[in-house]
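All remarks here apply to the structure that follows.
The values are calculated or read from the model by the stated rules, or taken from the named source; none is laboratory data. What you are looking at is a predicted structure, and each value in this text was computed from that prediction instead of being measured. Note: ideal-geometry Cβ built from the backbone for every residue, glycine included; neighbour counts use all protein chains shown. For the accessible areas, the whole protein counts, side chains as well, though only heavy atoms, and no ligand, DNA or RNA atoms are used. Shrake-Rupley method; radii C 1.70, N 1.55, O 1.52, S 1.80 Å.
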Amino acid sequence: MSMTASQRALDYLEQLPGTTFTKLYQQPSTALAIFRRMLPHLAKTLVMAMLYMPEPFATTSLDTWVKGDAESAQAKDRALSILQRLRILFDAPDAKGRSGIRLSEQFAKSLRAALTGGGGEHRSFGVPCSTADATTVTVEVLDTFARRQWEAILYYVVGSANTGLGGAANISQGTKTLLQKGNYVRGTARATSITQLGFTFLLQEVNAQIWDLLIVYLNYSTELRMDPVDVLSFLFTLGSLELGISYSTSNLTPTQLQMLEDLSDFGVVYQPPEDKTRYYPTRLATTLTSDAPALPNSNLSSTTTTSTTTDTTTSTASNIPSQNEKGYILLETNYRLYAYTTSPLHLSLLSLFCALKTRYPNLTTAKITKKSILRALALSITSDQIITYLTTHAHPLMRLSTPTLPPTVVDQIRLWQLEGERMKSWNGFLIKDIGSQEEYEKAVRMDQMTGYFRGVAVKRKEAIAKREAEMSVKKEVL
Amino acid sequence: MNVVDATDRAEAHEDLEPPSLLTIILDTNPHAWALLGDSLPLSKAVANLLVFINAHLAINYANRVAVIASHAERAAWLYPTPAHARKQETQMNGSVSNSHAQNGEGRGGAVQPPDDANKYRPFAQMEYAFMDNLRKLMDSTTTEAIQSSPSTMLAGALTRALAYISKQTSTVPTTTTNAQFNYSDPSSVAGGNDLNNDPTSNQTTQGLTSRVLIVSVSGDLADKYIEIMNSIFACQRLSIPIDILKLAGDPVFLQQAADTTGGIYMSLSTPQARAGLLQYLMFAYLPDQTARDHLIMPGEDGTCLLCGSHLSMANYGQKPAVVPRKKKGKKKRIADSGVDTPGSGSGTPIPV
């Protein structure tokens, strides 16, 4: 099951100690980014409603505010659960002793500061350079830079799957180490091979890839004795910067300065080689905390391939980005696939789950077969990943229809996966030793209304509660 | 496990909310604001409104906002700055905007706020444009114009809002090639800083959910009855809820508008209630349609389950403000109109 980027970041944040959160939330940009990126919709609404409330919000009022149907109740539970896991929401009885909830003071203060622009000189939204850069850096330059760097990383990972295709690009030793730490590739510096995680990594959309790599970086940074709060704050700051503007490095901590170098290896920021006092966020950075795709899809390939041919094509390609941003895959109901691409990276990705047939100068045909899908599944690539990849990179002509991909093909890919799978796993809580049989049955009856439980084992008097229902179940069952 | 059945596996997708477009019609009729006087000056209401708009933009990256002033003798755009006004502006101080264009990426002079590291840029851009336009509107208002028309141009503003919503809604599904939000493009709006072409997010098919919020202070709207009703019915057809926040005046049509279109109607008639304006905005008016699916909104089904919390909210104004007080922007008084507009400080004026 593929996890979304925000889910992954959320999982990382969750295991941080409470004090780290307090430090993190001191920055308005962090509070804003977490608010935007990590919270479900209802949670955002709730936070905003409570933001200017001087008193705790009574639980009874909350219950009357949220609709009574099961779906809304579940949405509420999910919202509360995530808010509590992120240490944004706390239980707090009000003056009369009724149960209520309140926002973390630090978080509320920072979010208010973010909304009003106050909160003192925190400078967490980046200090723009007051002087103009000697050399003009346009958005195109940044996009090209980001693409080149990021693609080099992908190339490296793919290259370890199929040495015939990669190897053209160079990435720094630090990044290589990082990819090994993240278990995307394994082996020695000479001969590396891609892992299952590596395949998963490759097929994700770019935004999720960056988060994946950054989380590896975060874990690794603690080994390098970098302060995770510093690292995280800077990442969230990057997410709130504006593309095409240079920012000054004057207010950065030594850790963050060190990060700048690493991040420019990823293509997340760009530092003009002659002027190290300024940096430009690339699109990879500015979309860190949004759901927008970080790199226009097939731009990934076009620049690198054109750069190997002629310079003129590169310049024309950057002049008409709107054409490059479109996808390149056409998929027919008869399982034939046409890829308008010349990029070896694309082809090697496609070859993970398609049988490549013919290759023309700008077009490659392929076919999705049971064998090719099963081979992909054996590499622990999931059907969802394949389908998402195909959807993300679908040709504009494909997008004219809804659904984008032919349903027959999508269903068949899923069915092929189902053949080998009969189990499904969730995170949850096992509740056992529930008092008497009567109480147990009461809880099970309650479940039929609330849907808190994933499953019940009547004979053993046990139940598995959904993770997000933890709070409610504890309250009502125990 | 009761059943191990793998057929329902397709669920693992994070459901993404559709972006929402909030169109605010701000009644800037100087007469009515003068009547409100000290209990809620326009400057304070605008400060509250700006925080509310920022909150709206903060909720989703693709969220958009538009503000129209329903002024005494005309309706005027406050945000986004209309194209022709921007063009004039650029011509007037062409040299300034040129230097900016070299510095940044041609964002133009008119919507260029001072650089501030303490403020999220899209918020700053929106506020700057908003305050700039509001100030221009007030500056251009002549005494004669106010004397000749004591009412407000709600019909015109509502029509403009509808036209804008329709334009935005139709452009959303086709923005797949739109590279990014361009601040120099007057037709774009803050918060749209995204590529919006991610098919996995399904935003293109979900489209834009729109709603209108009318902050009304004027009473008598009878002379524009037909136009207003037409707009209301158009909203009903397009299922765009019209939320009404009534600060003063007689509510006849507007209550009907909210009722017909399924919007929220609230009247803050006492000074106490008006003092809690921001809390009302954040609590009742901020949830968009997606959130409203799960919430019981005030006035729904003829019952007001929220009354309990709202009554207690009326006291909020008397409590010490939770926000640290900040230096207010310089004020400018317009001759004879008795209306205050805060200057365009770099920070949002703090609600008190």
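Annotations for the structure displayed:
- Residue match in region A:400-412 (condition: part of a helix (DSSP H, G or I), surrounded by fewer than 19 Cβ atoms within 10 Å (Cβ to Cβ), at the interface with chain B (Cβ under 10 Å from one of its Cβ atoms) and touching a helix residue (DSSP H, G or I) at 6+ places or on another chain (Cβ under 7 Å)): no
- Residue A:46 part of a helix (DSSP H, G or I), of a type outside the set (Ser, Thr, Tyr) and closer than 30 Å to residue A:210 by Cα: yes
- Residues (closer than 22 Å to residue B:52 by Cβ and either open to solvent by 10 Å² or more (accessible area, probe 1.4 Å) or more than 7 Å from chain B (Cβ to nearest Cβ) (or both)) located in region A:106-117: A:107, A:108, A:109, A:110, A:111, A:112, A:113
- Checking each residue in region B:1-31 for being open to solvent by 10 Å² or more (accessible area, probe 1.4 Å) and at pLDDT 50 or above picks out B:15, B:16, B:17, B:18, B:31.
- The condition of being part of a helix (DSSP H, G or I) and either at pLDDT 85 or above or surrounded by 19 or more Cβ atoms within 10 Å (Cβ to Cβ) (or both) holds for residue B:172.
- Number of residues in region A:33-52 that are over 18 Å from residue B:288 (Cβ atoms) and either facing chain B (nearest Cβ under 7 Å) or crowded, with 23+ Cβ neighbours inside 10 Å (or both) equals 3.
- Within region A:120-136, considering residues that are surrounded by 21 or more Cβ atoms within 10 Å (Cβ to Cβ) and either within 7 Å of another protein chain (Cβ to nearest Cβ) or of a type in the set (Asp, Glu) (or both), the one farthest from residue B:48 (Cα to Cα): A:126
- The set of residues in region A:195-218 being within 11 Å of residue A:9 (Cα to Cα) and of a type in the set (D, E, K, R) consists of A:212 alone.
- A residue that is buried (at least 19 other Cβ atoms within 10 Å of the Cβ), within 18 Å of residue B:166 (Cα to Cα), touching a strand residue (DSSP E or B) at 6+ places or on another chain (Cβ under 8 Å) and modelled with pLDDT of 80 or more occurs somewhere in region B:242-255.
- Only one of the listed residues (A:10, A:16) is at pLDDT below 85 and either within 18 Å of residue A:207 (Cβ to Cβ) or within 13 Å of another protein chain (Cβ to nearest Cβ) (or both). That residue is A:10.
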